[in-house]
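Shown next, in structure tokens, is the structure this report addresses.
The values are calculated or read from the model by the stated rules, or taken from the named source; none is laboratory data. For clarity, every value in this text was computed on a predicted model and none was experimentally measured. All Cβ positions, even for glycine, are placed from backbone atoms using ideal geometry, and neighbour counts span all protein chains on display. Remember, those area values only see protein heavy atoms, side chains included, never the ligands or the DNA or RNA. Shrake-Rupley method; radii C 1.70, N 1.55, O 1.52, S 1.80 Å.
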Amino acid sequence: MTDLTQSTQDVRAKDMRRTSLASSRRDLRLVLLLGVTVVVWLAFHFIFTDGFVLTPRNLSTLSVQMTVTAILAMGMTMLLIAREIDLSAGAVMALVMVLVFQFQITLGLSATSTVLLALAAGAVVGLLHGALRVWLLIPSFIITLAGFSWLRGVAYIIPDGQTLAGASDGFYRISNSEVPPIASAALIVLVAVPLVGRAGFRMLSTGEKPTLTRVMEVIQFALLLAFALGAAWAFYNHRGLPYPTLLLGVLAFGLHWLMQNTDFGRHVYAVGGNPEAAKRVGINVRLIVVLLFVFMGILTGFAAVVQASLLDAAPPGIGELLALNAISAAIIGGTNLFGGQGSIPGAVAGALLMASISNGLSLAGVNTFYQMVATGLILLAAVGVDSFTRRHEMRM
Amino acid sequence: MIKRFSGLNRREFLAAGTALAALPAIKATAQGTGRIGFAMETFTVPRWRNLDKPSFEEAVLAAGFEPVVVQANFDVAQQLRDVENLLSQGVDALCIVPIDSNSGINMARRAAREGVPVIAYNTAIPSPDISAFVSRDNGNVGRTAAQAAIDTLGDISGKWVICSGQAGNAVAEEVTAGYFEVLQPMIDSGAVEIVSHEYHSGWDPESARQQVENALTANANEIRGVFCNNDGMAGGAVAALEAQGLAGTAFVSGQDATTEACRNILEGKQNLSSFTRFDVMGRTAAELAVALARGEAVTAPMTYSAGGEDIPLHPVEDFNVTRNNIVEYLEQYSPGYVDASVIVAGLADEFMLPGLEAYR
């Protein structure tokens, strides 16, 4: 019976998140992450470079540089919440990129068919992984570790180790063009007004609230406003909103909504919180897990389309360490490696912080080796803070 | 100088400082930001760290520009980000060592969209957006190796073996074509016979050793010599010849003048190794980048056909390292590129040359 009670708690987690102090703590994490990101920007802008960072142009570039990792980090977060993992994301992306160029060059398909087939290819791989997971009960770590190798091999075999380049104009434009500046600004205002407005109302609403919650509401309002204004300024002044960034935004909103407001989302958290209990309350755990892998596959398909169009080439060796970067971003964003916890905005914020550090160090002319050191330290710091607060809470 | 604490050691740092102090007058004439970007594939290989990079930086500084050198650790996606970041800093010219030839096309296109001239360095980028391609002339490496065999042996008629590098790799294909340019008349007349020619994936020395071993077996050890696309495979060939007591009698050529090859050359087991002056390569690219950044036109002495695209090639001198000039070579390139003390350590006295004692 204890199991059942716990799972009901998990299922209702969303309602609790909205009201309790725990919600403020989770938000605090996200705010902290974005705060650190802003500090990183300021430090690189004013101290380490001659003001290269906070320019409309660099912020636009940065928003695209983070997309591939962020898209994969979102899928990874969903998997990790349900206690699954995908180590093959980089290999799958390389394979889909290779297929994209086969569709484009060898078969001469249109951009639209290419994108649809790329997403389908990702979904098929995801379905395969999911099926192996639930029917043969092989741990996802092993299935995707195998995929890490054999899918990469197939990616090399199809073009015989060669890099195909030069997609059709239609496909090239996917990652190399922007929504016109005026439309971009309008779009950002359209999305930002309700979000900022809601945060504003929440901040001004009276009633009994813990101090932490009050402080958080003010900071959230300020951050949202700053990011919205910053985005409008940057994209309006440099060519407009790049399509990969727009795609990331749409996917992030969609998946966040899915995870917070649907039975599917609640069930994912329940499965990760306690799989046994989830099964007992009648959740179809197998279906959830298969669907999660299919989602991951489709997201990898999106990442492959973005990356292939960005490079306008399909080197089969691309993204060796991408899966690990996506896992890093998810964990920096507050995902628990052992399931039950994590959020889509967290994953995006994690990817943004990682991309910001890499972008800043690169602009400062610092060797890539230091970028690797920095990413590792951020990961340790993020998990260290979590671990510390959890121990602290337990003692209380 | 806090911004550039990357790869500079103290001496480079001081040199940079001196150069910077001397240049404000020249810098003012630069049209843009006065920065020149260099997107490299790695710093880990000694060649890049000790020859290409410092000579590039030195020449850029000497011309009154500021070099910005980044490396992508063999990650293509990272290289694209590096290029974007260099472009957003507003570099006046950009040099790229493409990790992958075809992936360089869109990087060049992006730079062209910004009006930034691009130089492909070491590896070709088959794109009309390339203003210059700085590289060795691989065909020349093959031609001089075959010519050296004729000069050394006089009559080269007999059976020969060719060990080529990775199939499809431009260096392997072009060096090999260079051998044939010289040998073809003799092959046609029947004087020279290529009894074995294989491509080795990953330029694998062991697989080259097996090729030569099999060729020796099949031809009752009657092999005049082995042309190898690089020194790793030449080492494999030497091992196979040594096992049959033929090392020193058969002609062996290689490329890169590595530590192993230098030792084999001193011991007489390898006749030559082609070496490209990578320091000259860095300087050439820097001078071209500076000229392009100033808006000057540059004309290439040759064109190079890459993936159906004719791009302007500025070839960099290569020469064969042999027992005759190895001391001079080591004086110039040790310890920056190879370590002479490792080469002569434990070398039998009979193989020593005047001038090498200092390294012991």
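Each residue in region B:210-244 was checked for being open to solvent by less than 10 Å² (accessible area, probe 1.4 Å), of a type outside the set (S, T, N, Q) and either assigned to a loop (DSSP other than H, G, I, E, B) or modelled with pLDDT under 90 (or both), and 0 of them qualify. Of the candidates A:93, A:97, A:76, the single residue that is assigned to a helix (DSSP H, G or I), in contact with a helix residue (DSSP H, G or I) (Cβ under 6 Å, 6 or more places away or on another chain), open to solvent by less than 20 Å² (accessible area, probe 1.4 Å) and away from every other protein chain (no Cβ under 14 Å) is A:76. Residue A:306 falls short on exactly one of the conditions (1) within 14 Å of chain B (Cβ to nearest Cβ); (2) open to solvent by 10 Å² or more (accessible area, probe 1.4 Å), and that condition is (2). Does residue A:354 count as assigned to a helix (DSSP H, G or I), under 14 Å from the mean Cα position of the chain (by Cα) and under 25 Å from residue A:178 (Cα atoms)? In short, yes.
For region A:57-110, the set of residues classified as under 14 Å from the mean Cα position of the chain (by Cα) and under 30 Å from residue A:236 (Cβ atoms) consists of A:63, A:64, A:65, A:66, A:67, A:68, A:69, A:70, A:71, A:72, A:73, A:74, listed by residue number. Scoring residue A:321 on the criteria (1) within 30 Å of residue A:47 (Cβ to Cβ); (2) more than 9 Å from chain B (Cβ to nearest Cβ) leaves a single failure, condition (2). Every condition in (1) without any contact (Cβ under 8 Å) to a residue 40 or more places away in the chain; (2) part of a helix (DSSP H, G or I) holds for residue B:148 except the one numbered (1).
Screening residue A:155 against (1) part of a loop (DSSP other than H, G, I, E, B); (2) within 14 Å of chain B (Cβ to nearest Cβ); (3) small (Gly, Ala, Ser) leaves a single unmet condition, (1). Note on region B:48-69: among residues that are within 18 Å of residue A:369 (Cα to Cα) and open to solvent by 20 Å² or more (accessible area, probe 1.4 Å), the one that is farthest from the other protein chains (Cβ to nearest Cβ) is B:50.
So, of the residues in region B:85-98 that are over 12 Å from residue B:32 (Cβ atoms) and at the interface with chain A (Cβ under 8 Å from one of its Cβ atoms), which turns out to be least open to solvent (accessible area, probe 1.4 Å)?
Only one residue fits best here, namely B:85.
The residues of region B:99-125 that are within 26 Å of the chain's Cα centre (by Cα), modelled with pLDDT under 95 and either within 7 Å of chain A (Cβ to nearest Cβ) or in a loop (DSSP other than H, G, I, E, B) (or both), listed by number, are B:99, B:100, B:101, B:102, B:103, B:105, B:106, B:122, B:123, B:124, B:125. Are any of the residues in region A:46-67 part of a helix (DSSP H, G or I) and away from chain B (no Cβ under 12 Å)? No, that holds for no residue. When restricted to residues that are assigned to a helix (DSSP H, G or I), polar (S, T, N, Q) and within 14 Å of another protein chain (Cβ to nearest Cβ), region A:169-201 contains 2. Look at (1) at pLDDT below 95; (2) over 30 Å from residue A:226 (Cα atoms); (3) open to solvent by less than 50 Å² (accessible area, probe 1.4 Å); (4) of a type outside the set (Val, Ile, Thr) and you find that residue A:135 fails only one, number (3).
Within region B:229-240, residues that are under 9 Å from residue B:260 (Cα atoms) and of a type in the set (Asp, Glu) sit with their Cβ atoms under 6 Å from residues that are open to solvent by 10 Å² or more (accessible area, probe 1.4 Å) and not in a helix (DSSP H, G or I), at 6+ positions apart or across chains, in these pairs: B:231/B:256; B:231/B:258. Scanning region B:70-84 for residues that are more than 7 Å from chain A (Cβ to nearest Cβ), open to solvent by less than 10 Å² (accessible area, probe 1.4 Å) and over 14 Å from residue A:313 (Cα atoms) turns up just one, B:83. Cβ-Cβ contacts under 6 Å between residues 6 or more apart (or on different chains), taken from a first residue in region B:203-221 that is charged (D, E, K, R) to a second residue that is crowded, with 21+ Cβ neighbours inside 10 Å, are listed as B:209/B:236; B:209/B:240; B:213/B:240. The sole residue among A:212, A:292 that is open to solvent by 30 Å² or more (accessible area, probe 1.4 Å), in a helix (DSSP H, G or I) and in contact with a helix residue (DSSP H, G or I) (Cβ under 7 Å, 6 or more places away or on another chain) is A:212.
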